[in-house]
Amino acid sequence: MDWKIPAGEEVLANEDIIRFLCNYILNDSVGIMSNAHLAWADQDRQGIFSPVCLSLARKISICLDFAKTGLSESLSKEERPQRYPDFMTKRGIKVNYRSSRVLGELYRLNKTLVGSSSVTYTSGDFDRALFEYPGWRRHEDTADRAKSTYTGLMSQILKQHGIETEAEVIAGTINSVSRYNKSKKDKTSVETLVAKQYRALVATMQDQFLADVDAASRGDTKRTLLEMASAWYMEENSLGLPWCIPEVLLLLLRERSGSYPLERPLARSLLVKKIDEHCDNCSPQDAAFDLLCKWARNEELLGTGVRREPQVCESFIKRAFQQYMSNERILSAGGYVSGFLRYLSTVPTVLPVCTGCSSTSQHVHVLTLAALHCYSRMVISRDVCCFGLQCDTDHNGAQEIQESEPIRINTQTGRFLDMVQRRPDTVQELLCRWTGVQQVNIRVNSYRSDKHHYILISAVGRLWQLCCFEELVTQSWLQDAVVRGSLS
């Protein structure tokens, strides 16, 4: 953009410099204007080319040059957004709405993936067959000692910088650091230092590996080398240890595939394989449907927990499953389970009507959200205890119960405000029934001398329930639906 800046005064006194510094502090409004520009660009049909966005872009350009020109701009009353899209996460501070543009879609998808990847459970069921070399068990004790050394060195790096996972150190991309290193510059410095420390760790482990091979070798050094590398790879709960010797692993892979063919074919999907291992001899379709019903009960879709009523019934899930099977030919229960959840979560699905639970579009939406969260979680962690299958005894298969952050909603009608103030229990019950959350908290506040009111609303439930709740309460038609007592 090319805007001419008017010339300033030529002669400057000390008072001018003092005034300039004070004005700079008072008029540093680039961040406020940028937020307003983003909010208007999302809600205006013309986007960034709308008159208000073009005006804000001009003002931002002038403010950015304030240090050189001494000229500044401020937001007018009309340019201040009254509501903000959900991806700006204003929530309890400003009025939110559900953005229908691409940033809103990406934001909600990212929330699903982040929520799924934050699961602390990590399956150790990776297939070791490719690196299983005959004779590796002779070096188990040596590999255990190497793992202890590796774990100690890695723990020092993690604790020193407040890093949460070993994967961040190995990948060189630090997502979590100590609260003392929160700035972007400090984070970059931490990544540089961690990369240097990890290279030192790898060098230490490589030296130890070669020393252990020399000590265990009885003439055939190459065979001992391959056996030791295989023993390192077989170590559990230390996924990064064998990758300190990548060249040896490649040599082991070539030798293993050439001289010792696999006794069994590798599974195309470890997730499907893991589910199939727990299934009985009944038909794959029946076993898959039983697992899906257990999943629905665990997630309280069938209303067996503290929910007042079910979201869907077993007959509804059966009809949807039969509709899916009519277009698929799969030979395993695991394939049917993972395929059905993927089918629900990735395809705009029109499910059959069920008279048992009077299924509506909201029922379909609830089932889709639950399937999306479960499928995302499964493909990341291969966690199958959400189906009631055997797992770590300390691990809970169902998603944890948590409370959402409050969302601010301006009251649009007097009837809705009256209902919230006089019959809050009815409003809470409706929202619990429509979204599946276990508890809803509502607080009414006022502003501008009690002439206008807004509510702060939050919920308690599982992750998929909270996502459904947030999507519903940010809809513009929600207040009318609450007054009617129906979503239809």
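In the neighborhood of Ser72, defined by Cβ-to-Cβ distances under 14 Å, what is the net charge if each Lys or Arg adds +1 and each Asp or Glu adds -1? Before the final figure, lay out each step's value.
Values: positive: Arg19, Arg58, Lys59, Lys68; negative: Asp28, Asp65, Glu73.
Once positives and negatives cancel, what remains is +1.
Protection proxy ranking for 370-377, 74-81, 245-252, using the average of other Cβ atoms within 10 Å per residue and placing the highest first: 370-377, 245-252, 74-81.
Sorted on the mean count of surrounding Cβ atoms within 10 Å across their residues, most packed first, peptides 14-21, 280-287 read 280-287, 14-21. If you take the alpha carbon atoms of the stretch 1-111 and fit the smallest convex hull around them, that volume is 129 Å³ per residue.
What is the sum of charges, Lys and Arg at +1 and Asp and Glu at -1, for the other residues whose Cβ falls under 12 Å from the Cβ of Met154? With Lys, Arg at +1 and Asp, Glu at -1, the net is 0.
With a Förster radius of 51 Å applied to the beta-carbon distance between Gln421 and Asp65, the computed FRET efficiency rounds to 0.50.
In plain terms, the residue of Met325, Met154 with the fewest other Cβ atoms within 10 Å comes first and the most crowded comes last, giving Met325, Met154.
Among Tyr336, Tyr97, Tyr24, a tally of other beta-carbon atoms within 10 Å of each Cβ gives an order, fewest to most, of Tyr24, Tyr97, Tyr336.
On a 30 Å Cα-Cα criterion, which of the cross-link pairs Lys77/Lys451; Lys111/Lys274; Lys273/Lys318; Lys90/Lys318 come out too long? Don't jump to the answer; show the numbers that get you there.
On the way: Lys77/Lys451 19 Å; Lys111/Lys274 27 Å; Lys273/Lys318 23 Å; Lys90/Lys318 40 Å.
Correct reply: Lys90/Lys318.
Every number here is computed from the coordinates shown, using simple stated rules; none is lab data. Because the structure is predicted, anything quoted here is derived from the model rather than measured. No Cβ is skipped: glycine too gets one built from the backbone with ideal geometry, and neighbour counts run over all protein chains shown.
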